[in-house]
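Asks: Below is a structure I'd like to ask you about.
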Amino acid sequence: LDALRTLKHNAVDHDLVTKEEKQATARRVSDSEQSVQKARDRERRLRELCGAFAELSESSDAQARGYGLEDLLKELFALYEIQYRKSYKSEGEQIDGFFTFGGFDYLVEARWRKESPTLDQLLAVKGKVDRKIESTRGFVFSIPPFREDVLQRLRQAGQANLILVDGYDLALILEGRVSLMDALQAKIDKAAQEGILYFPLAKLFT
């Protein structure tokens, strides 16, 4: 009888272990399928955003391009599950966007004009950042590229608390050649470690 009881007990334990193993396997399969589907959905949405970006680039309405860029950035950040606040006003100042990444807060300036940003325009963004708490940085999206002479003078203007992204950088992200997370980290690392405010993402492939 003791032997039978032991055998029955072992059988029950084995059955429970087998069930747990099957459940764990099922969960792993489900998680894997969800990850694959999530990646496919992201790839599809990136294609849509890339198409929207191309359409905006053909528009002659500067104001519509600016608003369109703000909308596109919000959708892009949401796609990577980064909470992003769209444009708002703070004490009379226009802020084009806001997000938090890596323990720092970022004020966004989104520009889509014919000309590259001037030094005064970038310093105006820097001023908005400087008036916030110390953990705040600025992220400037400018579709026209930044001029090298402006970048050099900006580096000489004081604390380097701006990260710069141009249209070609944004295109690489929308085309899926580099993820938004990797792009942000690469830009931030270069600025923090080497004081490089504008690091072209194309250099990640060279």
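Asks: Using the heavy atoms of the protein chains and a 1.4 angstrom probe, tell me the accessible area per residue for the chain in square angstrom.
Replies: Numbers: 12440 Å² over 206 residues.
Ligands and nucleic acids excluded, the result is 60 Å² per residue.
Asks: Related question: Mind checking the dipole of the stretch 1-108: about its Cα centre, +1 per Lys or Arg Cβ, -1 per Asp or Glu Cβ, Debye to the nearest 20? Before the final figure, lay out the partial values.
Replies: On the way: 17 positive and 21 negative charges, 102 e Å.
Taking the Cα centre of the stretch 1-108 as origin, the dipole is about 500 debye.
Asks: Could you work out the relative contact order of the chain, using alpha carbon pairs under 8 angstrom and six or more residues apart, expressed as a whole percent?
Replies: Values: 230 pairs, mean separation 28.5, N = 206.
Once normalised by length, the contact order is 14 percent.
Asks: Here is a follow-up. Tell me the Rg and the Dmax, in Å, that the Cα atoms of the stretch 39-106 produce.
Replies: In order Rg, Dmax, the Cα atoms of the stretch 39-106 give 13.6, 42 Å.
Asks: Work through the residues other than Phe99 whose Cβ is under 10 Å from its Cβ and net out their charges, Lys, Arg +1 and Asp, Glu -1. Walk me through the numbers on the way to the answer.
Replies: On the way: positive: Lys74, Arg85; negative: Asp105.
So the environment of Phe99 carries a net charge of +1.
Asks: So how many Lys-Lys pairs in the stretch 125-206 land under 19 Å Cα to Cα, not counting same-chain pairs under 8 apart? Write out the running numbers ahead of the final one.
Replies: Numbers: Lys126/Lys187; Lys126/Lys190; Lys187/Lys203; Lys190/Lys203.
Final tally of qualifying lysine pairs is 4.
Asks: Next question, about the same structure. For the stretch 88-142, give the percent of accessible area contributed by carbon and sulfur heavy atoms, probe 1.4 Å, rounded to a whole number. Provide the component values of the computation, followed by the final result.
Replies: Values: 1340 of 2730 Å².
In the stretch 88-142, the share of accessible area belonging to carbon and sulfur is 49 percent.
Asks: Send over the Kirkwood Rh of the chain, from the inverse of the averaged 1/r over different Cα pairs, rounded to one decimal Å. All intermediate terms of the calculation are to be shown ahead of the outcome.
Replies: Working: mean 1/r = 0.0506 Å⁻¹.
So the Kirkwood estimate lands at 19.8 Å.
Asks: Tell me the mean residue ellipticity at 222 nm calculated for the chain from its helices only (DSSP H runs of n ≥ 4, each -39500 (n - 2.57), averaged over every residue, nearest 500). Don't skip to the answer; put the middle values down first.
Replies: Working: 6 runs with 117 residues, N = 206.
The helix contribution divided over the chain gives -19500 deg cm²/dmol.
Asks: To the nearest 20 debye, what charge dipole does the stretch 26-171 have about its Cα centre, counting +1 at the Cβ of each Lys and Arg and -1 at the Cβ of each Asp and Glu?
Replies: Working: 24 positive and 25 negative charges, 63 e Å.
Dipole size: approximately 300 debye.
The values are calculated or read from the model by the stated rules, or taken from the named source; none is laboratory data. Just so it is clear, the structure is predicted and the values come from calculations on it, not from any experiment. All Cβ positions, glycine included, derive from the backbone under ideal geometry; neighbour counts span all protein chains shown. The area values use the complete protein model at the heavy-atom level, side chains included, leaving out ligands, DNA and RNA. Shrake-Rupley method; radii C 1.70, N 1.55, O 1.52, S 1.80 Å.
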